[in-house]
Amino acid sequence: MSERDKQTKNFNSAYLSTVVVLTVFVAVAGCYQMNMQTELSAHSSDAIVLFDCTDFAHWTDKNGGPVQWQLADGAMKVVPGKGSIITKQKFQDIKLHVEFNIPKESQKKKDQSRGNSGIYIQRRYEVQILDSYGHEPKYNGCGAIYRTKPPDRNICKRAGEWQSYDITFHAARFEGEGEHLRKVKNARITVIHDGVMIHNNFEIPNKTGKGNPEGPQPGPILLQDHGSEVQFRNIWLVAFD
């Protein structure tokens, strides 16, 4: 077992065995939430809160301009046509918590129009968001590593209900520079959907969908505008080596 794999095993053991309860009292813009729970590991004191129900301080639009999504009832909501948003910070290895809500109107639509959005890690690898309630797991359905691997189980709730992803991500590793740059290890991802593991340390062979090309540089988190008024709240992460 390599040193990196040993570190990963130890880190994941701590992650799965330690539940940190964050009690937050926020009464701004209709947001009042208590006892938010997530498995953040013993390193939760290092958590970066990317969205706390109040503003877009940690975000820009995908071109670096102001965010044009809406704030409502303690959540950020996609405004279709205004574009995806990205974090101002860039990251390598992370544990990320995101809560999302697919609009009920998605139930009346078909296929990829059913509440489509996604979470792009490093702006390269997408964990799909879609109204897939009651469907068989698909490579482009809710929880999928987009067009790369379906979730092991479909845990998607009905549209209109809040759901969560807890994502552990290890960036791809590269060696060399310039024309001699080469990838020596694939990116790896574990995804827990509403408390159920749907991807277990899966190796992602390449960037997904419209993600940016792979490379050694860190990248931002991107929340996708794909034409649906998907909402997000309670977003935070822990970066680790």
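Miscellaneous remarks
- Cβ-Cβ FRET estimate between LYS90 and ASP152, R0 fixed at 25 Å, reported to 0.05: 0.25
- Average Cα contact separation per residue, region 46-239, under 8 Å, 6 or more apart, as relative contact order %: 34 percent
- Sorting LYS95, LYS62, LYS207 from the fewest to the most surrounding beta carbons within 10 angstrom yields LYS62, LYS207, LYS95.
- Three-way shape label, region 46-239, alpha-carbon gyration tensor, a/c 1.5: oblate
- For LYS185, residues with placed amide H under 5 Å, excluding near neighbours: ARG173
- Karplus (6.51, -1.76, 1.60) ³J(HN,Hα), θ = phi - 60°, over region 178-194, in Hz, Gly and Pro reported as x: x, 5, 9, 5, 8, 7, 10, 8, 5, 5, 10, 9, 10, 10, 10, 9, 6
- Spin-label pair GLU105/GLU136, simplified geometry with 7 Å Cα→Cβ offset, distance in nm: 3.1 nm
- Taking amide H as placed 1.01 Å from N in the peptide plane, SER132 has its amide H under 5 Å from the amide H of CYS142, each at least 5 places away in sequence or on another chain.
- Rounded to the nearest 20 debye, dipole of region 46-239 from Cβ charges on Lys, Arg, Asp, Glu: 500 debye
- Judged by the ratio a/c of the largest to the smallest principal axis of the C-alpha gyration tensor, region 131-190 counts as prolate, that ratio being 1.5 or greater while a/b is larger than b/c.
- Protection proxy ranking for 177-184, 98-105, 230-237, 214-221, using the average of other Cβ atoms within 10 Å per residue and placing the highest first: 230-237, 98-105, 214-221, 177-184.
- Extending 7 Å from the Cα toward the beta-carbon at both ASN206 and HIS180 defines two label points whose distance is 2.6 nm.
Just so you know, all these numbers are worked out from the coordinates, no wet-lab data involved. Predicted model, so just to flag it, every value in this text is computed and none were measured. Note: ideal-geometry Cβ built from the backbone for every residue, glycine included; neighbour counts use all protein chains shown.
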